[in-house]
Amino acid sequence: RKNDEAHAEMVLHVEEEQLAHMTSTVTADVWAELERVHWARGFATRISLHRQFMSMRMKKEQAMPSWI
């Protein structure tokens, strides 16, 4: 029952073009397929993420556990 409700919510909140990727009735499979289709890949993406990671700084008033 929860799977059906979650699947219905997902169908209601995606654009019409994305419905082609939602053929499975198992919500976890649908999510995995959408993630696979839309996940950014490639060398440029890796470089960009690396730069973002290396330039992260903790704010002075922020506690260490919340920053992590």
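Extension gain for Asp4-Ala32 works out to 8.5 nm (0.36 nm per residue, less the C-alpha to C-alpha distance).
Here is the list for the chain: chymotrypsin sites (Phe, Trp or Tyr not before Pro) lying in DSSP coil, each with at most 13 other C-beta atoms within 10 angstrom of its C-beta, are Trp39.
Springs join every pair of Cα atoms under 10 Å in this Gaussian network model of the chain, and among Arg36, Arg46, Arg57 the largest mean-square fluctuation is at Arg57. With everything on Cα atoms, drop me the angle between helix 27-38 and the longest principal axis of the chain, reported from 0 to 90° to the nearest 10. Tilt relative to the chain: about 60 degrees. Rounded to a whole number, what % of the accessible area of the chain do carbon and sulfur atoms account for, probe 1.4 Å? With neighbouring chains kept in place, the figure for the chain is 59 percent.
How much of the calculated P(r) for the chain lies past 17 Å, in percent of all Cα pairs? Working shown, then result.
Numbers: 1386 of 2278 pairs.
Pairs farther apart than 17 Å: 61 percent.
Roughly how many debye, to the nearest 20, is the charge dipole of the chain about its Cα centre, given +1 on each Lys and Arg Cβ, -1 on each Asp and Glu Cβ, and no other charges? Provide the component values of the computation, followed by the final result.
Values: 9 positive and 10 negative charges, 159 e Å.
That gives a dipole near 760 debye.
Which GluC sites (Glu not before Pro) in segment 1-54 sit in a loop by DSSP (not H, G, I, E or B) and have at most 10 other Cβ atoms within 10 Å of their own Cβ?
On the way: sites: Glu5, Glu9, Glu15, Glu16, Glu17, Glu33, Glu35; in loops: Glu15.
Those satisfying the criteria are Glu15.
Given only helices, namely DSSP H runs of n ≥ 4 each adding -39500 (n - 2.57), what is the per-residue ellipticity at 222 nm of the chain, to the nearest 500 deg cm²/dmol?
On the way: 4 runs with 40 residues, N = 68.
-17500 deg cm²/dmol, from helical runs alone.
The values are calculated or read from the model by the stated rules, or taken from the named source; none is laboratory data. Just so you know, these numbers come straight off a predicted model, no measurement behind them. We place every Cβ from the backbone using ideal geometry, glycine too, and count neighbours over all the protein chains shown. The protein model used for the area step is the full one, side chains on, heavy atoms only, and it has no ligands, DNA or RNA in it. Shrake-Rupley method; radii C 1.70, N 1.55, O 1.52, S 1.80 Å.
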